[in-house]
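Beneath this line is the structure, given in structure tokens, with notes to follow.
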Amino acid sequence: MVDDSEAVRILISVFLREGGYITVSAEDGQQGLEQCLREPPDLILLDIAMPVMDGFSLCARLQKDKNLCHIPIIMLSARDDMESKMRSFELGAVDYIIKPVTKEELLARIKTHLTISRLTYSLQEANRKLLLHQEQLLQGLHAAADLQKNLLPRRVPDCKKLHFSSYFKPCQEVGGDIYNIVRLDSDHLAVYILDVSGHGFPAAMMAALATQALSSFSLMSDSEHPDERVARPAMVIRELNREFPISRFNLYLTMVYLLFDTSDFSFRYCCAGHPPLVHMRGDGTVSLLDAGGPPAGMDGSWEEGEGRLESGDRLFFYTDGITEHSGPDGELYGQERFIDSIEKSHGLPLQAAVQSIIGELKRFGGQKEPDDDVTLLAVEKE
């Protein structure tokens, strides 16, 4: 309580002690400021007209101190003019009481503003902790994003007649899409793309686990074909299905796994619930390769398809983040537009073709951020 009248200070102190409050008094603004700096109070009752430093000056000074500006100030003055009231509120006061004041009114006002102050502090503290937690989550997501990027192939395995180009854009910091190009032995190259259901960190973690598992599945011996040195695509999918059941993870994987024989560029592939491969021949004609079965993790049986790349042929691996990308009116991009964008890219160098296809997608979506992870991988034979 800051007031130059000793009688007022005594009377108000009696009121406050009876209300259960501990009071500290000062007879002018300077003393009040010094007391606040020594031991910040929970609330300040402040007179306006005082020597040395008046109430307006003290109020303004307190608002400039980051450690004191949160303290509620109730102006307690004999002035009843609108100008004094407005200036008090402009300087940061939360209430204005005209003297003389009754004990009941004073205690009621004090109780109200202390309650508001405590609630405000609790809200600010909760917000501070929330922001700290968000910052920690963001740091974790950034680290996870870096790890996920490191799972992508940094360089293409040695295969002089095959060229690769890709585009990878998770809809959040991390996502459930991943692709890889792996040299298995001197005659075999594995190329796969997978998409874990859902988004964000859980999907990214499962994609990382699946990538790690695939490195061993691809080299497992196949009981159905013991003479083959590497596992066929359908077997790889079956092992992935066994290792990542939906009942265990509440997630499933769609995937295209393709095995190249680099001696003649024939290939075997399997689509596990994934959008079909697009095969564009050197003359620009397009066909879809969709042999396979259900997503991995959901059980079932899987068939294999086969083919061969001739000179100038291209294969396009992609996730449904492309075909399900929506425009401003909510319309989906769809398979037909995607195929059309591939056909338009015929004749462009491979990297330029990928850029052209993604450019068409972005224009359709009005340049908005995608709602799902978007991944495109293109393969071309010289």
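In order along region 316-331, the phi-based Karplus estimate (6.51 cos²θ - 1.76 cosθ + 1.60, θ = phi - 60°) of 3J(HN,Hα) comes to 10, 9, 7, 10, 6, x, 7, 5, 9, 5, 9, x, x, 8, x, 5 Hz; Gly and Pro are listed as x.
Of the listed values (i) 1.52; (ii) 1.35; (iii) 0.93, identify the label whose number matches Rg/Rh (Cα atoms, Kirkwood Rh) calculated from this model. The value computed from this structure is option (ii). Here region 200-328 is treated with +1 on each Lys and Arg Cβ and -1 on each Asp and Glu Cβ, and its dipole about the Cα centre works out to around 380 debye. Here region 69-90 and region 299-313 have alpha carbon centers that stand 80 Å from each other. Between Ser166, Ser287, Ser117, the GNM of the chain built on Cα springs shorter than 10 angstrom shows Ser117 fluctuating the most. All other residues whose Cβ lies under 10 angstrom from that of Tyr257 are scored, Lys and Arg at +1 and Asp and Glu at -1, for a net of +1.
In the chain, the calculated helix contribution to ellipticity at 222 nm averages -13000 deg cm²/dmol per residue, counting -39,500 (n - 2.57) for every DSSP H run with n ≥ 4. Springs join every pair of Cα atoms under 10 Å in this Gaussian network model of the chain, and among Met255, Met53, Met235 the largest mean-square fluctuation is at Met53.
Mind telling me which of Gly297, Gly312, Gly176 comes out most flexible in a GNM of the chain, alpha-carbon contacts under 10 Å? Maximum among the listed residues: Gly312.
Read-outs throughout are calculated quantities, based only on the coordinates presented, and are distinct from any laboratory measurement. On a predicted model such as this, the values are computed, not experimentally measured, just so you know. Don't worry about glycine lacking a Cβ; one is built from the backbone with ideal geometry, like all the others, and counts go over all protein chains shown.
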